[in-house]
Structures are given as C-alpha cells and as structure tokens.
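The values are calculated or read from the model by the stated rules, or taken from the named source; none is laboratory data. A quick note: this is a predicted structure, and the numbers were derived from the prediction, not measured. Virtual Cβ from ideal backbone geometry, glycine too; neighbours counted across all protein chains shown.
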Amino acid sequence: MEYVDWIEKEIFITLNAFSMFHGIKPFKSGAIIKLTKDTENTYDPEAIACEMRYFGRVGYVANSVSTVAKGCMSAGRVYDKIEDGYFAQVKFITKSEAIAKILTMDEYLEELENPESDIHYLSD
C-alpha cells in the first residue's frame with residue numbers, strides 16, 4: 001500500500017452511523033480506524049466506511065451538514081484526497097459520534113513500528 005502524505009495539518013473527521021453496526025461501544029480514545037471508500041453505497045457516492053480490528057465495519061465518515069461536527073471535514077471533502085487503506089485515530093468520543101484524526105505519513109510510520117498497533121491487522 002502506498003500512503004501518500006497529503007496532510008500538512010491536523011485533519012479531523014466525524015464518525016457516525018453506528019446504529020447499523022455495533023453502536024458506539026467499540027470506540028475508545030487512541031483506537032485505530034481504517035478508512036475505505038464504499039463504492040457500492042447507493043445512498044452516498046462519497047461514502048467512506050470505517051473498520052476496526054475485532055469489529056469489522058463500525059460506521060462511516062459523516063457527510064452531512066447536520067452530522068459533521070464543527071471543525072471536522074466531511075467525507076465529501078476527504079474522499080478525493082485519500083486512498084483506500086488510509087488510517088485515522090480516535091481522539092474524542094461523545095454519546096452519538098466519535099472524532100478521529102487522519103494519520104499523517106509520520107504518524108502512520110510510527111504506528112507501523114509498534115508491533116501492538118491494530119494497523120498491522122487492518123492493513124491489506
């Protein structure tokens with residue numbers, strides 16, 4: 001996998017649509033999330049699915065004005081800037097959403113150096 005470092009600043013995304021999967025329970029601060037474009041999503045052509053170790057698909061990156069938390073980018077703004085297999089790390093959790101930061105190249109490489117990181121189990 002090629003991890004192109006397009007991120008020059010901190011980019012936060014809102015994760016939601018949990019009720020379809022496991023709810024908010026799988027999320028904890030520091031958890032690694034794999035981002036995958038869901039090209040078969042009939043409701044949203046810019047859908048980005050979120051996957052976690054042990055749980056599989058846990059939700060989606062928010063893509064609506066009413067669901068994107070203030071200060072976060074929507075799936076539509078991120079969709080063309082990432083490749084499948086990019087990763088994010090959960091930073092904050094509320095009752096209905098999680099906020100994650102997309103990893104920069106340096107952060108990704110740092111995670112790879114950690115043999116305990118979930119990144120090893122989520123990589124193709």
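Annotations
- Test: residue in the stretch 58-71 that is free of Cβ contacts under 8 Å to residues at least 24 places away in the same chain, buried (at least 16 other Cβ atoms within 10 Å of the Cβ) and at negative phi: yes
- Condition met for THR42 (more than 18 Å from ILE11 (Cβ to Cβ), modelled with pLDDT under 90 and among the polar types (S, T, N, Q)): no
- For the stretch 28-124, the strands (runs of 3 or more DSSP E) that sit wholly inside it and include 1 or more residues that are small (Gly, Ala, Ser) are 48-52, 56-61, 86-93, 98-102.
- Selected residue (criterion: nearest to TYR60 (Cα to Cα)) from residues of the stretch 88-124 that are of a type in the set (D, E, K, R) and modelled with pLDDT of 90 or more: LYS101
- Condition broken by TYR60, with the remaining ones in (1) more than 17 Å from LEU15 (Cα to Cα); (2) under 14 Å from the mean Cα position of the chain (by Cα); (3) of a type in the set (Ser, Thr, Tyr) satisfied: (1)
- Given (1) farther than 20 Å from ARG53 by Cβ; (2) without any contact (Cβ under 8 Å) to a residue 12 or more places away in the chain, index of the condition LYS81 fails: (2)
The rows are residues; the columns are (1) in contact with a Leu (Cβ under 7 Å, 6 or more places away or on another chain); (2) not hydrophobic (A, V, I, L, M, F, W, C).
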{"position": "SER29", "(1), (2)": "no, yes"}
{"position": "CYS50", "(1), (2)": "yes, no"}
{"position": "LYS91", "(1), (2)": "no, yes"}
{"position": "GLU97", "(1), (2)": "yes, yes"}
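- Unique match (being modelled with pLDDT of 90 or more and either out of contact with any strand residue (DSSP E or B) (no Cβ under 6 Å at 6 or more places or on another chain) or more than 18 Å from ILE119 (Cβ to Cβ) (or both)) among GLY71, GLY85: GLY71
- Test: residue in the stretch 20-32 that is more than 17 Å from SER96 (Cα to Cα) and buried (at least 18 other Cβ atoms within 10 Å of the Cβ): yes
- Single residue of LYS101, LYS95, LYS34 found to be basic (Lys, Arg) and closer than 15 Å to GLU10 by Cα: LYS101
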